[in-house]
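The values are calculated or read from the model by the stated rules, or taken from the named source; none is laboratory data. Just so you know, these numbers come straight off a predicted model, no measurement behind them. Quick reminder, even Gly has a Cβ in these numbers, built from the backbone with ideal geometry, and neighbours come from all protein chains shown.
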Amino acid sequence: MQIRCQQCHRPFSINRDAILAILEAMEAEKQTHHNADCPHCGKNNHVSRKELERWAPAKAQPQEPQAT
Ligand SMILES: [Zn+2]
């Protein structure tokens, strides 16, 4: 996923495997956001769990288009 650093405004990415690991850790800690370190300036960037889950669904999501 692409993240734009809130500090230096440069983009960086987190790969899917890393996101899955992060989500697992967040689940264990019951966290709602993750601090992603910017590789450019080293600053923490808040990334919401929702955002992470959008990029790397932890479980197979039952995406039924219509349930009527
Ligand atoms: Zn930065």
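Of the residues making up the stretch 26-35, just one is surrounded by fewer than 11 Cβ atoms within 10 Å (Cβ to Cβ) and within 13 Å of the chain's Cα centre (by Cα), namely Thr32.
Please determine, by comparing only the residues of the stretch 1-22 that are of a type in the set (A, V, I, L, M) and assigned to a loop (DSSP other than H, G, I, E, B), which one is surrounded by the fewest Cβ atoms within 10 Å (Cβ to Cβ).
Step by step, filter the stretch 1-22, then rank; the result is Met1.
Within the stretch 29-49, being closer than 13 Å to Ile3 by Cβ and among the polar types (S, T, N, Q) holds for Asn35, Asn44, Asn45, Ser48. Filtered by the rule that a residue be within 16 Å of the ligand (Cβ to nearest atom), without any contact (Cβ under 8 Å) to a residue 24 or more places away in the chain and farther than 15 Å from Trp55 by Cα, the stretch 5-40 gives His9, Pro11, Asn35, Asp37.
Suppose the filter is at pLDDT 95 or above and among the β-branched types (Val, Ile, Thr); does Thr32 pass it? The answer is yes for Thr32.
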